[in-house]
Amino acid sequence: MTLETAYSDIGRLDRLSYRDTVVHRLDPRAKVVATLLFAVVVVSFPKYEVLSLLPFFLFPVLVGAVGDIPAGFIAKKVVAVSPFAVFVGIFNPLFDSSTVSIAPGLTVSAGWVSFAAILVKFALTISAALLLIATTSFPGICRGLRRLGLPALFVSQLLFLYRYIFVLMEEAMRVVRARNMRSFGGRGTGVGVFVRILGTLFLRTVERAERIYGAMLARGFRGEVPSMRHEVFRPSDAVFVLVAGGYFALCRIVPVPQTVGRLIGGLAG
Amino acid sequence: MSHHIIEFRDVRFRYPDGTDALKGVSFRITHGESVGIVGANGAGKSTLLLHMNGYLLPTSGHVTIGEVPLVKETRQEIRRKVGVVFQNPDDQLFMPTVFDDVAFGPLNLGLPPDRVRERVHEALRQVNALALVDKPPHHLSGGQKSAVAIATVIAMEPDILVMDEPAASLDPKSRRSVIGLLNTFTHSKIVASHDLDLILDVCARCLVIRDGAIVADGPSPEILSDAMLLSENNLELPLTLQGRPSVCPVPRP
């Protein structure tokens with residue numbers, strides 16, 4: 001993935017968050033809480049549990065569909081970061097070689113099951129996090145976190161990250177472009193040059209930080225970034241959190257696919 | 001009114017690395033004046049501007065803003081009187097939306113929310129950027145960023161407006177609208193720039209700084225038409241005073 005595509009992806013995620021749908025209009029706090037609940041419940045499943053996780057896909061699918069977020073874009077992003085999950089789980093099939101039967105007549109090593117569980121949990125949590133960002137403006141998330149009690153210092157760090165990631169990436173892109181144009185056929189694209197570019201970018205960032213701090217002091221900054229927006233937590237937000245939380249709890253306690261399977265089996269029998 | 005006066009008396013400043021950036025600067029700017037500061041790269045313009053709101057404090061000498069001497073304890077008070085617009089709008093606009101950014105100063109001044117909202121709208125209206133109020137700064141063009149950067153400072157209603165290269169890297173039309181904007185302000189104005197035509201259009205008086213000292217101080221039309229003085233300071237005559245024919249003659253073989 002080149003810097004340019006990374007930049008355009010972040011930009012796209014950002015533009016998606018300025019749309020206006022039912023999901024976008026929910027209070028950021030409601031979405032943050034629901035997403036956190038979702039992640040905690042998904043991760044809490046035991047390591048050989050795969051089938052029971054499947055009903056949880058309903059949450060990202062619904063949020064994405066109602067929020068009008070292109071599913072392909074989110075799927076591509078999930079795949080792009082999947083190597084992390086693959087590396088975490090890849091040795092499970094080797095070390096955990098006890099066998100389990102997953103269907104009549106089909107036996108595999110337990111390691112493969114736990115590997116699959118890791119991948120499913122990963123896909124669920126990452127897509128939910130991406131959808132949170134794609135359906136909530138970043139400043140909105142920050143305000144939500146602040147009002148949920150996150151210390152002001154962390155919140156202002158996040159706000160500055162959001163504001164300057166675009167400036168920094170553009171700067172990095174310009175430097176890399178300048179290097180590419182003068183490194184004919186590979187020479188100059190080595191690690192040594194790359195390290196020095198990182199050094200330059202770091203120094204520029206420090207200098208920029210100093211200038212920004214100067215601009216903040218010039219406008220009376222004394223430690224806390226003030227904000228005037230106060231979203232109102234409406235009944236619909238509470239309903240969203242309750243319904244989502246209730247669904248997660250249900251799927252956590254009752255093994256839905258197995259139950260449905262048994263029901264169908266019972267009807268057929 | 002005597003309280004919008006800026007006075008520098010024998011101000012010297014040395015950076016921690018030992019560079020003497022200001023070597024005895026003295027001048028006095030009275031209420032309502034508009035003053036340009038010009039000079040070569042590295043002459044000390046930016047260092048001078050950073051003294052005007054107390055971001056830097058003089059190593060020796062005195063800075064007085066209004067009746068208030070600039071010392072560590074009075075910096076907050078002085079920042080309320082002197083608004084500084086920095087050169088790069090990306091450094092000036094650090095909040096996630098235009099509204100939040102323009103509201104930053106007034107909120108820090110402790111104004112009630114409805115007053116803040118009024119000030120934000122008034123400031124953005126003055127710079128013709130009211131339509132941008134909910135945009136994030138990284139979605140703005142260069143000219144829009146400059147206009148909003150100026151709004152962030154005038155929203156604090158300072159007595160004195162200090163600007164570093166207000167029109168750098170703007171296209172000619174955006175530059176012209178910034179010049180028009182500056183001319184509508186009745187504040188005392190101090191503008192540092194290499195754009196001598198801009199100084200000529202905006203400032204009645206001009207200071208030339210070289211090597212950390214003032215080498216000329218007088219009416220802009222006089223200073224900026226002194227070709228000798230300008231070339232000694234790595235500057236040249238403003239384009240409007242160069243007397244070029246309006247159409248370049250085609251050279252013949």
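FYI, it's all coordinate maths here, none of it is from the lab. Note that the structure is a prediction, hence the values are computed from the model and not measured. Every residue, glycine among them, receives a Cβ derived from its backbone with ideal geometry; neighbour counts consider all protein chains shown.
A few points about this structure:
- Reciprocal of mean inverse Cα separation for segment A:50-143 (Kirkwood radius, Å): 15.0
- Around the amide H of B:Lys189, modelled in the peptide plane, lie the amide H atoms of B:Glu33, B:Ser34, B:Val35, B:Leu161, all under 5 Å away and 5 or more residues distant in sequence or on another chain.
- Gyration tensor (Cα) of chain A, equivalent ellipsoid semi-axes in angstrom: 40, 29, 16
- Residue-by-residue Karplus 3J(HN,Hα) for segment B:61-73, coefficients 6.51, -1.76, 1.60, Hz, glycine and proline x: x, 10, 10, 10, 10, x, 9, 9, x, 7, 9, 3, 6
- The relative contact order of segment A:24-118, computed from alpha carbon pairs under 8 Å that lie at least 6 residues apart in sequence, is 29 percent.
- Rel. contact order, % - alpha carbon contacts under 8 angstrom, at least six apart, segment B:126-201: 32
- Its Cα gyration tensor gives the protein assembly as shown an equivalent ellipsoid; the semi-axes, largest first and in whole Å, are 58, 27, 21.
- When +1 charges are put on Lys and Arg Cβ atoms and -1 charges on Asp and Glu Cβ atoms, the dipole computed for segment B:29-140 relative to its Cα centre reaches about 140 debye.
- Placing unit charges on the Cβ atoms only, positive for Lys and Arg and negative for Asp and Glu, gives the protein assembly as shown a dipole magnitude near 1240 debye about its Cα centre.
- For B:Arg210, residues with placed amide H under 5 Å, excluding near neighbours: B:Val215
- Residues in segment A:7-48 reached by a label modelled at A:Ala80 [backbone nitrogen below 12 Å; 7 Å Cα→Cβ]: A:7-14
- Nearest-ten-degree value, helix A:110-135 long axis tilted from longest Cα axis of chain A: 50
- For segment A:251-265, Karplus couplings with θ = phi - 60° (6.51, -1.76, 1.60), whole Hz, Gly/Pro x: 5, 6, 8, 9, x, 4, x, 5, 5, 4, x, 5, 4, 4, x
- Debye equation applied to the C-alpha atoms of chain B, log10 I(q)/I(0) at 0.11, 0.14, 0.17 Å⁻¹: -0.61, -0.96, -1.33
- Computed over neighbours whose Cβ is under 14 Å from that of A:Val22, the net charge equals 0, Lys and Arg +1, Asp and Glu -1.
- Principal semi-axes in Å for segment B:61-130 [√(5λ), Cα gyration tensor, largest first]: 26, 15, 11
- Here's the picture: charge each Lys and Arg Cβ at +1 and each Asp and Glu Cβ at -1 in chain A, and of A:Phe115, A:Gly246, A:Ala178 the one pushed furthest to the positive end of that dipole is A:Ala178.
- Enclosed volume per residue, in Å³, of the convex hull spanned by Cα atoms of segment A:1-43: 97
- Under the criterion of Cα pairs below 8 Å and six or more residues apart, the relative contact order for chain B equals 24 percent.
- 18 Å tail of the calculated P(r), segment A:115-259, as % of Cα pairs: 75
- Local electrostatic count at B:Lys135 - Lys and Arg +1, Asp and Glu -1, tallied over other residues with Cβ under 14 Å: -1
- For chain A, the longest principal axis of the C-alpha atoms and the axis of helix A:71-89 are separated by about 80°.
- Radius 12 Å from Cβ of B:Glu122, net charge of other residues (Lys, Arg +1; Asp, Glu -1): +2
- In segment B:49-152, GluC sites (Glu not before Pro) in a DSSP loop with at most 13 other beta-carbon atoms within 10 Å: B:Glu67
- Listed values for segment B:209-223 are Karplus-derived 3J(HN,Hα) couplings in whole Hz (6.51 cos²θ - 1.76 cosθ + 1.60, θ = phi - 60°), namely 10, 9, 6, x, 9, 7, 10, 7, 8, x, x, 3, x, 6, 4, and x replaces Gly and Pro.
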